Each structure stands twice: as structure tokens, then as C-alpha cells.
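First the structure, in the form of C-alpha cells, and then the observations on it.
Just so it is clear, none of the values below were taken in a lab; they were calculated from the coordinates. This structure is a prediction, so every number in the text was calculated from the model and none was measured. Cβ coordinates were reconstructed from backbone atoms using ideal geometry, including for glycine residues, and neighbour counts include every protein chain displayed.
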Amino acid sequence: MGFFFFCIRLFLVAMSTLSKYFSSNWLFTEVDNSPLVLFRVFFGFLCAAEAFGAIITGWVRRVMVEPEFTFSFIGLEWLQPLPGNGMYYYFAVMGTMGILIMLGLYYRFAATAYFLMWTSVYLMQKSAYNNHYYLLVLLTLVMAILPAHRRFSLDVKFGREIRKDTCPRICQKFFVFQVGLVYLFASINKIYPDWLNAIPIHIWFTAKRDYWLIGPLLNQNWFQYVISYGGIFYDGLIIVFLLNRRTRFLALILTLIFNLFNSAVFHIGIFPYMMIAFLVFFYPPEEISKLFFRKRIPAKEQVFKGKLAVKRFWYYAFFTYVFIQIALPLRHWLFHGDVHWSEEGHRMAWQMMLRTKSGSGKFIVKNNDNQQIENVYPRRVLPRKQANKVLTQADFMWQYARRLEAQYKEKGWTNISVYPDIYTKLNGGTRTRMIEKDVDLLTVEWDRFKKSDWITPFPLPREDTR
């Protein structure tokens, strides 16, 4: 808790310092908009690839179509996939919106539509949670607001928008902040015992030892430590290297190697390529313009001429966003537990590929009127992804208990209790109960702002499972 309040105080001091930029108009100085425009093209292509790729690879079928239901975020259980083939059409529409974003055609509509549709997908299922899904929610929201279509777009070509070669500096510095935050928390979150002992990397790489060409290397103990510690230093220092002109080329090479390696080994969709696309914001806008658009916009800078009230609104909107994005990854410190075990505060916190969990067991459903008992084995009745989550994450267990209650009420049971008899392993360690067997999950509440006492603490000391 002390660390949490220290971070809050540090943030407030930083805000006080940054407020000087407001009075000096630094964030609102008009600069060449080439990086923003180029990023729009990359971003739209990746949005389209994400949507169409989800159909082609079978992700929509496995996650949205075949399951009887999805595990939505708690409180949004009503948000479920469209019936039949509806989700195929849904993702096809999203892919089309991505193409429109890339082309800059009906840009505002397309970006807003993609944001609303993708956010719905993000909230309606947690079984296939990925950090880049959350990042895409944030980026689509911001891109729908920013004037990324005022140049090199069909909206300009067809006269729907007036061409403009500049934008306020804040439109581009936002992305430096966003990618910097992702990398910073990715580095900080890796500093915990299992990662420092390369245990998660060992588990993942051992399973990939048959990979063509690099399989034997992945199985080497020394290489697993290089990747573990290299990840900490890369995530922690890459933004500093990118911001420094003298080290920028080295940072470019490292970024390409790091993200392409992650893509090849971990198959994490568009996320590595999105991180590569962010590079355009670390080069002088004039260089981007000359390199990609064959035109160098004059370096003369002008102060944004909008009303003071408008400027003040966007200033405070930006720093409110900054505060929220810093507070969310730190919130797990409020729970006094191991975030990798309980998962409380795990999502929306850039806890990226830091642990692996497995589980086994059953739910005991009891009819309290006649003492009748039935055992439900998740692996027998749920799709693989859903079963894995139900056996390893407390919020899934809590939600599934309520799903079982509804199912058994349809059978005529009225006074029901649901007890978990489940053992979970974190990073290949000891099989441990996450919830005690005598806890009736239907009698406990899920609290978003404090630790749930019915979740057991992770047993210490940790075992080295290498």
C-alpha cells in the first residue's frame, strides 16, 4: 500500500511539472502530421488483419460460435455473441472498417464503428484475453478522435475533408506516452521471483523445442535466462533509446528483432507489428514526411489557434487519461496478494505473458432440499479454453458457479450450493486450492476494489520447477 501511495505522489509531482507545458503551449504547437497519417495507414491495415484473421484462423469459430456461451466481464453477462453465423458477419464488417481507416475514407465513422464493435468483443469474452485486445480498445478510441485523415486520405481526395499538413503536437506525443507505458509496466511486472528464475520461459520454450531451426536454441538453459533478463532490460530501456537520437538506430534494430521473435515464437497476433508501427512517432516528423511522402513540410511551428477553453479541455482530458492508465496497472497493490495467483487486478495492467497456469478438478453442485449431489467436470462440458480458465482463475470459477445455478434451477432444483473442488498450479509449482472446498461460491461476492477473502493466498516459498 505504501508503494501505491508513493506512486500516486510521484504522479502528482509529474503532473505539476508537465503543467508548465500547458502555459508554454508546447503540447498544442502545430507540427508536421506525417507520423500520425502514416500510423493511420499501418493501424487500419492491422485492424483489418485482426478482424479478417480472426475469421480465417478459426478464432471466431472457436471463441464466439462454437461455445454455448462466453464468459463476459463481470456485470456484463448479458453481452453475448450473435447467434448462428452472426459473428462471422460482425468480424467481416469490422475488417471492412479497418480498410476504410487505412484508406481514410469515411474515417470518423469507420474508426468509431471499429472502436464500438471491438470493445464489445473485448468485453463479451475473457477466455481468449490478450493484452493487445485491450491496447486495441484504447487506440481505436483515440484514433476516432484524432485528425489522422486530414492528409493522404480518400476523404481529402473526394473533398469530404480539407487537407491539412499539421496537427497539434499532443496528437503525436500521446502515442509516445502510450507505448512507453506499455513497455514500462511490462518491465516492472517481470521483476518477480519466477520470472527472474526464467521459470515461465523454461516451460514455454521446452514445449517448443521441436520448432524448426530455433527449437534446440529455445531448449538451452542459458538462452532462457537471456530472454528472461533481456525482456526486463529491453522493455525498461527501449523508450529511452528511441528518444535519444544517438541510440535510435540501435533501438530500431532491437525493436524489430524483439517483436519479430515474439511473433514467430508466441504467435500473439498483430501486437508485435503494432509495437513496430509505433516507431514512426520517435522520428522527427520532417524525416517521416520526406521518406514516405516525398515532401518535406516546412518546420515552421504555429500555436494551435483554437479557443483557450478547447485547449484546456483537451489538456485535462489527456492527463486524466494518463492518470487512469497509470492507476489501473497499479491497482493490484490494493489487494495484498500475488496478482499472478489470484488474478485480481491482472487485466488492463500490462501483465504480459508472465505466468502459466494449469488446473484440474470439479464443481460439486448440491441440492440443499434433499442433499442430492452432482459433480460437474469443466473439461468434460466446456470448450478447452473456457475449461482452462475455469480451473485456474477465481473470477471464472465465481461466474461458472452462477451458470451452474441457472442450469440446475431449470432442472427443478431451488435451494442450491456450488462448491469448487479444484487444484491449480502456477508456473508448474505445487497443486494448490485457489478456493477452499467448503466455500459455497453462490454465497460470496466479487469485489472489484478489495481482495476477495475466499481466494486462498499462494503458498510460499515458491518452488523452483526448472
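If only the Cβ of Lys and Arg carry +1 and only the Cβ of Asp and Glu carry -1, the dipole of the chain around its Cα centre is close to 1520 debye.
Ranking 168, 279, 130 by Cα position along the charge dipole of the chain, where only Lys, Arg, Asp and Glu carry charges on their C-beta atoms, puts 168 farthest toward the positive end. Please go through the residue pairs 385/409; 362/437; 385/450 and name each one whose alpha carbons sit more than 18 Å apart in this structure. Pairs exceeding the cut-off: 385/409; 385/450.
For the pair segment 144-186 / segment 373-432, the C-alpha centres are spaced 45 Å from each other.
Over the chain, dividing the summed -39,500 (n - 2.57) contributions of all DSSP H runs of at least 4 residues by the number of residues returns a 222 nm mean residue ellipticity of -17000 deg cm²/dmol.
Positive-end ranking of 382, 288, 95 along the dipole of the chain, with charges on Cβ about the Cα centre, is headed by 288. Counted by neighbouring Cβ atoms within 10 Å, the residues 291, 38 run from fewest to most as 291, 38.
Distance between the 7 Å Cα→Cβ label points at residue 59 and residue 253: 3.2 nm. For the chain, the gyration tensor built on C-alpha atoms gives a prolate shape. Its axis ratio a/c (a ≥ b ≥ c) is at least 1.5, and a/b is the larger of a/b and b/c. Oblate is the label for segment 199-353. Its Cα gyration tensor axes, ordered a ≥ b ≥ c, give a/c of at least 1.5 and b/c at or above a/b. Ordered by the count of other Cβ atoms within 10 Å of each Cβ, fewest first, 275, 97 give 275, 97. Protection proxy ranking for 385-398, 406-419, using the average of other Cβ atoms within 10 Å per residue and placing the highest first: 385-398, 406-419. Lys/Arg Cβ at +1, Asp/Glu Cβ at -1, dipole of segment 356-443 taken about the Cα centre: which of 443, 360, 418 is farthest positive-ward? Checking the options against the dipole of segment 356-443, the answer is 360.
In a reduced charge model with +1 at each Lys and Arg Cβ and -1 at each Asp and Glu Cβ, segment 100-250 shows a dipole moment near 660 debye about its Cα centre. Legend: helices of the chain (whole DSSP H runs) are marked when their alpha-carbon atoms reach 30 angstrom or more along the helix axis and their mean Kyte-Doolittle hydropathy is at least -1.0; marked are 2-24, 34-56, 221-243, 308-330. Checking the a/c ratio against 1.5 first, then a/b against b/c, what shape does the Cα gyration tensor give for segment 356-443? It comes out prolate by the Cα gyration axes.
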